[in-house]
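Everything on this sheet refers to the single structure shown next.
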Amino acid sequence: MKLHEYDMIIINSSGGKDSLCALWEVCRQAREQKFPFDRIAVSHQDLGDMEWPGTKDLVKQQADLFGLKTYYSKRRTKDGYEENLLEYVERRGKWPSNGQRYCTSDFKRGPGGRVVTALTKALGKCKVLYVFGFRRDESPSRSKKPVLKLNDKLTTKKRTVHDWLPIHHWSNERVWATINTHRLPYHPAYDLGMPRLSCCFCIFSPFDALVVAGKANPHLLDRYCATEKKIGHTFRNGFAINEVKEAIANDYQPETIDDWVM
């Protein structure tokens, strides 16, 4: 990638292992190409209580390793209120689903786009490299994503934005080898057995991952169960998240958890 063709690089970070390695790889290439680090920024879409505790601080810690500034954004209503996911679910009366991924569109893409707008406002006509840590091994849909493509949602008359996936071809083993070799800080949720750092209770999570998350975040699990009961709509089709709470109460022991498709 010829970084000097761009005026700014914005790296999306969830604080997870893949975001961390994308950050590392971008900075590695920036050093090689002598691209100025003051034109690289990290963007975190803050999910508040819905994400694992410590995630927001970890994102900054990871960015600080490379001397990069971190910018945060949250979902906002038209009135400017920062609505969390459970409030949104309650208002809609339904959980997100594979066909209605508003947890991604409204809580990640939308707020992240605001960061792009804010950081490029003073640049005038510019080109932006918008970085994601997606890997092809994560899911069939992500395997089909191009490594570099025009982001037509964020591109305007004055701003051209390209999405870039610098570790798209990396294996899970390479991700962890990079983290361990360079002693990069990662979230302790992985040591609990979580293969992915997403929302604590992701709608795509396998049952055992939800149990691990529930044991680590019991008060948040209670809130999810309360929301599920209040709206009368199960967490997934045919599956109530209250079953996770019952399993924990019955001392269910989760097994090794495989990664899940996003």
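The values are calculated or read from the model by the stated rules, or taken from the named source; none is laboratory data. Remember, it's a predicted structure, so these values are computed and weren't measured experimentally. Cβ atoms come from the backbone with ideal geometry, glycine included; neighbour counts cover every protein chain shown.
Things to note:
- When the residues of segment 72-81 are filtered to those that are surrounded by fewer than 18 Cβ atoms within 10 Å (Cβ to Cβ) and touching a residue at least 12 places away in the same chain (Cβ under 8 Å), the one that is farthest from the chain's Cα centre (by Cα) is 76.
- Note on segment 192-251: residues that are within 19 Å of residue 101 (Cα to Cα), of a type in the set (S, T, N, Q) and assigned to a helix (DSSP H, G or I) amount to 1.
- Note on segment 159-196: among residues that are touching a strand residue (DSSP E or B) at 6+ places or on another chain (Cβ under 6 Å) and β-branched (Val, Ile, Thr), the one that is surrounded by the fewest Cβ atoms within 10 Å (Cβ to Cβ) is 160.
- Scanning segment 34-92 for residues that are of a type in the set (Val, Ile, Thr), under 26 Å from residue 20 (Cα atoms) and either touching a Leu at 6+ places or on another chain (Cβ under 9 Å) or part of a helix (DSSP H, G or I) (or both) yields a total of 4.
- Residue list for segment 139-188, restricted to those being of a type in the set (Lys, Arg) and under 20 Å from the mean Cα position of the chain (by Cα): 142, 144, 145, 149, 153, 174
- Failed item, numbered, when residue 142 is tested on (1) in a loop (DSSP other than H, G, I, E, B); (2) among the basic types (Lys, Arg); (3) within 28 Å of residue 53 (Cβ to Cβ): (1)
- Within segment 1-29, the set of residues being at pLDDT 95 or above, aliphatic (A, V, I, L, M) and either in a loop (DSSP other than H, G, I, E, B) or under 26 Å from residue 191 (Cα atoms) (or both) comprises 11, 20, 22, 23, 26.
- Members of segment 84-124 found to be under 28 Å from residue 6 (Cβ atoms), among the aliphatic types (A, V, I, L, M) and surrounded by 16 or more Cβ atoms within 10 Å (Cβ to Cβ), listed by number: 115, 116, 119
- Residue 152 vs. criteria closer than 18 Å to residue 108 by Cα, free of Cβ contacts under 8 Å to residues at least 12 places away in the same chain and surrounded by fewer than 17 Cβ atoms within 10 Å (Cβ to Cβ): yes
- Where a residue in segment 215-228 is more than 21 Å from residue 92 (Cβ to Cβ) and touching a residue at least 60 places away in the same chain (Cβ under 8 Å) and its partner, wherever it lies, is outside any helix (DSSP H, G or I) and hydrophobic (A, V, I, L, M, F, W, C), with Cβ under 6 Å and at least six apart: 217/200
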